[in-house]
Amino acid sequence: MITFIPEFINPFVRFSIRVPLHAGYRNGPRFCYVPSLYLIESGCGVIIYEDRPNIRLQPGTLFFIQPGVSHTWEVDVDSPLTFRCVFFEWSYRLKTGIRMPNDLLCQHSEKSDDRLLDVQLDCGIPDSLVVDSISVWKGLFEAVTSEFEVVSPEFSVLDHEDYPNSLAITGHFNLLLHQVYRLARRQSNITDPRITKLIASMERLADGGYEDVEGWAEKLGLSRSHFHMLFRTHTGFTPKWYWNRCRINKSKNDLLSTNDTVTEIAERYGFSSVHAFTKLFQKMEGVAPTVFRRQYRLR
């Protein structure tokens with residue numbers, strides 16, 4: 001394992017996708033030529049390693065696999081599983097011949113190509129974490145995946161010729177990595193059950209207008225500053241950003257699964273106007289609601 005040296009780090013996303021697996025699915029042993037990061041959206045299973053503890057998979061499991069680490073996917077027999085993943089490099093390295101997703105994987109160790117294998121970096125990301133909000137983390141992964149689909153509609157692996165179109169993907173992935181590191185630090189701290197309960201309520205409702213921080217703080221019997229500090233420590237985000245992300249995530253689902261107008265959706269989630277909704281949506285997703293619906297509804 002090579003020590004993590006930040007000055008030589010410039011992450012480059014190779015591939016990103018959402019993958020559904022049927023109940024009872026099993027694949028492996030195999031290994032990836034590059035580092036990979038995963039989020040379990042639904043379902044249960046296990047990642048089986050040859051030389052380290054297995055990882056139990058359930059909704060909200062976030063895990064990291066180093067290049068060259070042999071592992072097997074095994075989905076529970078009664079539970080289909082869906083995950084999102086990003087294959088990336090800590091810094092770009094030319095890999096001749098890698099253009100298809102399977103080129104990033106080695107299914108048979110006797111046929112491995114050591115020229116394609118990245119070194120393992122001690123990068124400070126634990127093997128597995130449990131996210132505090134599936135919807136928020138799904139949004140972070142989805143931002144990478146959606147931008148990847150725009151740059152690579154044929155789902156080919158990205159290479160140097162995809163620059164500078166891949167810059168947006170890199171931006172979204174850097175934000176994702178930033179939150180992974182923050183989550184890793186928070187996992188060692190004891191969380192406040194009042195914040196946990198509030199987060200569950202925010203994600204369940206996600207409509208109506210945003211209350212001032214003092215309104216949330218008063219409900220929990222906290223001062224404004226103490227509430228803000230607790231919330232940010234627990235989630236890594238400000239209360240207002242988190243509330244808006246919950247509303248935008250729900251609005252995205254409505255844009256893709258209903259025929260409701262953008263105005264109707266904006267009103268449903270408590271925005272003061274369709275202009276305010278569109279402005280926030282574009283800020284968080286990079287495109288307007290109408291463009292998002294047109295680009296992704298038929299995918």
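Mind counting the residues in the range 9-26 that are free of Cβ contacts under 8 Å to residues at least 60 places away in the same chain and in a strand (DSSP E or B)? Result for the range 9-26: 1.
Of all residues in the range 178-188, one or more are open to solvent by 20 Å² or more (accessible area, probe 1.4 Å) and at pLDDT 90 or above. Only residues that are touching a residue at least 40 places away in the same chain (Cβ under 8 Å), assigned to a helix (DSSP H, G or I), surrounded by 19 or more Cβ atoms within 10 Å (Cβ to Cβ) and out of contact with any Ser or Thr (no Cβ under 6 Å at 6 or more places or on another chain) were counted in the range 140-162, giving 5. Does F64 fit the bill of being among the hydrophobic types (A, V, I, L, M, F, W, C) and touching a Leu at 6+ places or on another chain (Cβ under 7 Å)? It is true that F64 is among the hydrophobic types (A, V, I, L, M, F, W, C) and touching a Leu at 6+ places or on another chain (Cβ under 7 Å). In the range 203-229, which residue that is in contact with a helix residue (DSSP H, G or I) (Cβ under 6 Å, 6 or more places away or on another chain), assigned to a helix (DSSP H, G or I) and at pLDDT below 80 is most open to solvent (accessible area, probe 1.4 Å)? Checking each candidate, the answer is E214.
Here the strands (runs of 3 or more DSSP E) wholly within the range 65-132 that include at least 2 residues being in contact (Cβ under 8 Å) with a residue 60 or more places away in the chain and either more than 23 Å from E41 (Cβ to Cβ) or open to solvent by less than 40 Å² (accessible area, probe 1.4 Å) (or both) are 81-89. Within the range 64-79, being more than 20 Å from V119 (Cβ to Cβ) and touching a Ser or Thr at 6+ places or on another chain (Cβ under 8 Å) holds for no residue. State whether the residues of the range 231-254 include one that is among the acidic types (D, E) and surrounded by fewer than 17 Cβ atoms within 10 Å (Cβ to Cβ). Among the residues of the range 231-254, not one is among the acidic types (D, E) and surrounded by fewer than 17 Cβ atoms within 10 Å (Cβ to Cβ), which makes the answer no. Among residues of the range 225-238 that are under 16 Å from L140 (Cα atoms) and free of Cβ contacts under 8 Å to residues at least 60 places away in the same chain, none has a Cβ under 6 angstrom from a residue that is open to solvent by 30 Å² or more (accessible area, probe 1.4 Å) and not in a helix (DSSP H, G or I) at a sequence gap of 6+ or on a separate chain.
The values are calculated or read from the model by the stated rules, or taken from the named source; none is laboratory data. The structure displayed is predicted, hence computed values, not measured ones. Backbone-built Cβ (ideal geometry, glycine too); neighbour counts: all protein chains shown. Calculation scope for accessible area: heavy atoms of the full protein, side chains included, ligands and nucleic acids excluded. Shrake-Rupley method; radii C 1.70, N 1.55, O 1.52, S 1.80 Å.
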